[in-house]
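Novice: Structure incoming, see below.
Just so it is clear, none of the values below were taken in a lab; they were calculated from the coordinates. Keep in mind it's a predicted model, so treat the numbers as computed, not measured. FYI the Cβ positions are ideal-geometry reconstructions off the backbone, even for glycines, and counts take in every protein chain you see.
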């Protein structure tokens, strides 16, 4: 895990990222505080990039991908930050050296197999274990098992087929994938379900599910976040775009846009956290998000139960009158809760969020950097003094990007001593 933030106003954008990375197998974990997550995307132009989530894309470190792209980009420039992002994403999905066909298919196999195994086969196994062993014909038990399999597969099929297509995906692309990788999917089905009796209809649905996993808005927790920010040649105010990225198959990247923001005359400031952002939300809104969720959940339950308590204690009403009164009170309670939510949101906005954003709009570059670093440090401090794992920590890298000065490092860690490697510093822009 990680904590990162971008803070923007009309003059500049500050980016800050911690250095913690968690490595483990699910049971055992090790945390290192020395990972780079903030980079220049161009050595010549005011564009930066941050990564969070998985530090790798299909075994290839993001640092390697970024630096190879940066060399490939050279002095090329784009009018808008979105064009830098599009070019970077296109570079990733068309790079057959970093992501050869065999690697793409291996990760796709794992993604489909993992979904089949964890969400379908596990459900089937759990339900089969609960079959009543009372004396019955073997054919009856066999039919029950077949129905369990049909229901489990159909449930996931109905759920996934309703998902929307990801950017760049379409029905025609699904047809291509289904045809091209039919044998591949059959192998996944055979490996996961083995001797289970899969009907022809259920088999077709499994093929559709496999295609949906590649083309639809379905992501596992093991994804990478990518934040690109700065100024394009025609942009006078900073822009930030971000994406969540999963894998590549058939030289097509599976990703979805996440958060984006452009400073303008009418919106002159923005604070955007990534990954672990609960402390930023607490700072901005005056209340911890989990505590806020508890308040809302408790009040929702209270407004739902309180009419029952009132009606049950009124003895002079018949059953129909009680039902009518209960419905009326619940409708009133729902409206009151909605009004409460509006009032709370308005209060947070007026007395917490807007004053901070107004101040950020006037901050000079050095104060933007200090604020970004402080908010990441706040998340790190919370992890340090709580009993949870310190998944945020280590040195905090900070940079400020402005139209005139470009990408400027405020704080940056090195794995080597700069004074012993002067050739690296001298050659940085010459390479």
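Novice: What residue among 332, 50, 279 shows peak mean-square fluctuation when the chain is described by a Gaussian network model with Cα springs under 10 Å?
Specialist: Among 332, 50, 279, the largest mean-square fluctuation in the Gaussian network model of the chain belongs to 332.
Novice: A further question follows. Out of 53, 394, 74, any idea which swings most in a Gaussian network model of the chain, alpha carbons joined below 10 Å?
Specialist: Highest fluctuation of the listed residues: 74.
Novice: Rounded, prolate or oblate: which fits the stretch 345-411 when a ≥ b ≥ c are the square roots of the eigenvalues of the alpha-carbon gyration tensor, with rounded for a/c under 1.5 and prolate only if a/b beats b/c?
Specialist: Oblate, since a/c reaches 1.5 and b/c is not below a/b.
Novice: Next question. Restricting to Cα pairs below 8 Å that are 6+ residues apart, what does the relative contact order work out to for the stretch 101-215? Please round to a whole percent.
Specialist: Across the stretch 101-215, relative contact order equals 44 percent.
Novice: Could you state the principal axis extents of the C-alpha atoms in the stretch 262-400, from the largest down, to the nearest angstrom?
Specialist: 71, 43, 20
Novice: Ok, one more. Given the C-alpha centroids of the stretch 197-256 and the stretch 105-184, what is the distance between them in whole angstrom?
Specialist: The stretch 197-256 and the stretch 105-184 have Cα centres spaced 20 Å from each other.
Novice: Another question, then. Work out how much length residue 295 to residue 154 would gain on full extension: take 0.36 nm times their residue separation and subtract the Cα-Cα distance, in nm to one decimal.
Specialist: 47.1 nm
Novice: When you count, for each residue, the other Cβ atoms within 10 Å and take the mean per peptide, how do 145-158, 310-323 rank with the highest first?
Specialist: 145-158, 310-323
Novice: Report the relative contact order of the chain, percent, no decimals, based on alpha-carbon pairs under 8 angstrom and at least 6 residues apart.
Specialist: Contact order relative to length: 29 percent.
Novice: Beta carbons within 10 angstrom, averaged per residue: use that to sort the peptides 351-361, 286-296, highest first.
Specialist: 351-361, 286-296
Novice: Moving on to the next point. With N denoting the number of residues in the stretch 101-215, provide Rg(C-alpha) divided by 2.2 N^0.38 Å, to two decimal places.
Specialist: Dividing the Cα radius of gyration by 2.2 N^0.38 Å gives 1.17.
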